[in-house]
Amino acid sequence: MNRVPGDAENAHSSHVESCPSLRDVHSINPAQLMARIESYEGREKKGISDVRRTFCLFVTFDLLFITLLWIIELNVKGGIETTLEKEVLQYDYSSSYFDIFLLAVFRFKVLILAYAMCRLRHWWAIAFTTAVTSAFLLAKVIISQLFSQGAFGYVLPIISFILAWIETWFLDFKVLPQEAEEENRFLIAQDASERAALLHPGVLSDGQFYSPPESVAGSDEDSEEKQDSEKPVV
């Protein structure tokens, strides 16, 4: 006999637990929602997120670091002017580091164009640059004679390879997921604010209230005396 009320109570509790969103919407503060939405809109107006800006800075660091190492390599071989003429004007694939520098310039231009100027939200650009970098460096290490030229024969290819894959990891695991999460939060907050606006209508302002003018003390008695005096005497 006691099973029916118990089942009804369980069904009622399960129904209440299955509707947490409605209860959450009732407890939402519209002012906090509007402040959060304005903060997201402010980020959109900036044009680029903080994590994407960090990625672009790392891409710039990649170019500058490879350039610095290449300049050091030019000095080590006997002077910048002489070695620069030999590696650039008399370019030899098996012994020159100039192509590794051009590879860093290639990554910089493609990634900055795709993710800073065009604000791309896909991984195909970084996949393209990383694939080209990896294939070129592997071929250069196998075919060329860089290892016979000292420490820079190891340093430049390895560092260029590592930096390219760090950029790929950072974009795929940090930039794109975080921006997608922020966009989802913005959409959820915007949807919740619209629900809150429907469930919690705005408080009336002072101008929407009407209060009649205060009556003067004793005015009711004066009006009654005036009416009695105006009545005709029989």
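Could you go through the stretch 122-131 in sequence order and give the Karplus-derived ³J(HN,Hα) for each residue, using 6.51 cos²θ - 1.76 cosθ + 1.60 with θ = phi - 60°, rounded to whole Hz, and x for Gly and Pro?
Values per residue, Gly and Pro as x: 9, 8, 5, 5, 5, 5, 5, 5, 5, 5 Hz.
At a Förster distance of 30 Å, what's the computed FRET efficiency of Asp92 paired with Glu181, Cβ-Cβ distance as r, to 0.05?
The value I calculate is 0.05.
Assuming R0 = 30 Å, what is the FRET efficiency of Ser148 and Leu64, from their Cβ-Cβ distance, to the nearest 0.05?
0.60
What is the extension gain from Ala135 to Val51, computed as 0.36 nm multiplied by their sequence separation minus the C-alpha to C-alpha distance, in nm to one decimal?
27.4 nm
Label point 7 Å out from Asp172 along Cα-to-Cβ: which residues of the stretch 134-149 have amide N under 18 Å?
Under 18 Å, as judged by backbone N against the label point of Asp172, lie 134-138 of the stretch 134-149.
Any idea how far the Cα center of the stretch 107-186 sits from the one of the stretch 57-81, in Å?
18 Å
For Asp99 and Arg121, FRET efficiency with R0 = 30 Å and r from the beta-carbon atoms, rounded to 0.05?
So, using R0 = 30 Å, E works out to roughly 0.45.
So how do 120-131, 93-104 stack up, highest first, on mean other-Cβ count within 10 Å?
Sorting 120-131, 93-104 by mean packing, highest first, produces 93-104, 120-131.
Multiplying the sequence separation of Ile159 and Thr82 by 0.36 nm and subtracting their Cα-Cα distance, what value in nm do you get?
Taking Ile159 through Thr82 to full extension adds about 25.2 nm, to one decimal.
Where a number appears in this text, it was derived from the coordinates with a stated rule and is not lab data. Predicted, not measured: the structure shown is a model, and the values here were computed from it. For neighbour counting, all protein chains shown are included, and Cβ atoms are generated from backbone atoms with ideal geometry for every residue, glycine included.
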